[in-house]
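Q: The structure follows.
The values are calculated or read from the model by the stated rules, or taken from the named source; none is laboratory data. Values in this document were obtained by computation on a predicted structure and should not be read as measured data. Backbone-built Cβ (ideal geometry, glycine too); neighbour counts: all protein chains shown. The accessibility values were calculated without ligands, DNA or RNA, using every heavy atom of the protein model including side chains. Shrake-Rupley method; radii C 1.70, N 1.55, O 1.52, S 1.80 Å.
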Amino acid sequence: MNTKIWLSSPHIGGNELKYIHEAFDENWVAPLGPNVNGFENDLEKFLNSDTKVAALSSGTAALHLALIILGIGNGDEVLCQSFTFSASANPIIYAGAKPVFVDSESETWNICPKYLEIAINDRISKGKKPKAIIVVHLYGMPAKMDEIMEISRKYEIPLIEDAAEALGSTYKNKKCGTFGEMAVLSFNGNKIITTSGGGALVCKTDKQKEKAVFLSTQARDNAPHYQHSEIGYNYRMSNICAGIGRGQMEVLEQRISARRKMHDFYIDIFKNFAGVNVFSEPNSDYFSNHWLSAITINPAIAGFSREDLRLKLLGDNIESRPLWKPMHLQPVFSDAPFYGEKISENLFECGLCLPSGSNLTDEEKERIKNVILS
Ligand SMILES: *Cc1c(COP(=O)(O)O)cnc(C)c1O
């Protein structure tokens, strides 16, 4: 059997171990220390927009805290892009709130501004104004931020960006993760950079960041003994993981350019395939980090389906994966309202993510290409 080619695997830079050794040498083996502060500074510099970043244990934890800090609680409604990973929606339930799902539009595959506004008006007419909007930059592709920000302002509903997949992507030269009232990043093992597991909350103010750090370290009041006036969480990033993050930040630009080259690689392979579309930026306002390269296949034209190709790749031990199954079609969210048509459902039916790692060798790329061309 050939060695496995993964969809997206960790790609270590070089200095990660140096930062971890420093942590050991100085005994900062804890969820605080110089690497945590250093990693937050690196992220703030990279995002470059007066952001305040709190490093946390996961992107999911970051989203949970974003909802709490925005005051979302029992019975509130939160609008959420349906076409995404479940971690965009689960924290709404953790917070005691209810998700209201919105379909995507076909250019960026992200939340559809038209249905977002329809959803807001319908929820208001039913007596409940939604408390937040969660927009996702899926597979690294920026959402239609001008339209979405305009709706957020018009109805005064705060926007949370799920930029877990979009570190380094930009919309009109502004980084994803700097548009919303808050944003979340993820450094899980499969993301464009990793801390083995981890995430961050991107805030607009020092006060928000302080609140995030306070809540993520068990909400201790200022007292010599343990005293609590609020429910806390154990969500802070470990200083060891943050050491990996500091090393990864040194190679982030290289990782972005390698992922974008994978996108070009697939553009080249599929250029002569009728009925196959490689997911690409709609125009030059959008710059995707192309975290995952994705295609859609029209079987009637292509002569093969997304499952045909997936199984063919699997036969050569190459991992690929159908696009996200929309949240409004998930059994666990079957009671949640949904606004839209069948855009995300159709993407799920005919779309496939292809190996996109920044560490794929020329040999591995050759294998992928040969299977597809065959
Ligand atoms: C990975 C991911 C998350 C969750 O991040 P974790 O760090 O794994 O908790 C949230 N949203 C999206 C869109 C993701 O891809």
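Q: Going by a ≥ b ≥ c, the root eigenvalues of the Cα gyration tensor, does the chain fall in the rounded group (a/c under 1.5), the prolate group (a/b larger than b/c) or the oblate group?
A: oblate
Q: Among Y155, C203, A223, whose Cα lies farthest out toward the positive end of the dipole of the stretch 16-250, if unit charges sit on the beta carbon of Lys, Arg (+1) and Asp, Glu (-1)?
A: After comparing all options, I get Y155.
Q: Among K98/K365; K128/K209; K174/K369; K154/K325; K144/K209; K98/K204, which pairs are too far apart, with a Cα-Cα distance over 32 Å?
A: Listed pairs above 32 Å: K98/K365; K174/K369.
Q: Choose one of N121, L32, G340: the residue whose Cα lies farthest towards the positive end of the charge dipole of the chain (beta-carbon charges +1 Lys, Arg; -1 Asp, Glu; about the Cα centre).
A: Farthest along the dipole direction, towards plus: N121.
Q: To continue, here is another question. Show me the trypsin sites (Lys or Arg not before Pro) within the stretch 267-322 that DSSP assigns to loop and that have at most 11 other Cβ atoms within 10 Å of their Cβ.
A: Passing both the DSSP loop test and the Cβ count: K271.
Q: Let me ask you something else. Which stretch or stretches of the stretch 95-110 have amide N atoms under 13 Å from the point lying 7 Å from D335's Cα along the Cα→Cβ direction?
A: Only 96-99 fall inside the zone, counting backbone N under 13 Å.
Q: Here is a further query. If you take every residue apart from L116 with its C-beta less than 12 Å away from the C-beta of L116, what net charge results, scoring Lys and Arg +1 and Asp and Glu -1?
A: Taking every other residue near L116 into account, the sum is -2.
Q: Setting aside same-chain residues fewer than 8 positions from K207, which aspartates and glutamates have a Cα under 14 Å from its Cα?
A: D50, E181
Q: For the chain, modelled as a GNM with alpha-carbon contacts under 10 angstrom, which of F179, F304, F279 fluctuates the most?
A: F304
Q: Per q in 0.11, 0.14, 0.20, 0.23 Å⁻¹, report the Debye log10 I(q)/I(0) for the stretch 253-373, using one uniform scatterer on each alpha carbon and no solvent.
A: With no solvent term, the Cα-only Debye profile gives -0.42, -0.66, -1.19, -1.39.
Q: Over the chain, give the accessible area per residue in Å² for a 1.4 Å probe, as an integer.
A: 43 Å²
Q: Okay, moving on. Assuming R0 = 51 Å, what is the FRET efficiency of F304 and E210, from their Cβ-Cβ distance, to the nearest 0.05?
A: 0.40
Q: Using the beta-carbon distance between D264 and A30 and R0 = 45 Å, what value does 1/(1 + (r/R0)^6) give for FRET efficiency, to the nearest 0.05?
A: 0.60
Q: Could you run the Karplus curve 6.51 cos²θ - 1.76 cosθ + 1.60 with θ = phi - 60° over the stretch 168-183 and give me ³J(HN,Hα) per residue in whole Hz, x for Gly and Pro?
A: Per-residue couplings from phi come out as x, 6, 9, 10, 6, 6, 10, 5, 4, x, 10, 8, x, 4, 8, 9 Hz.
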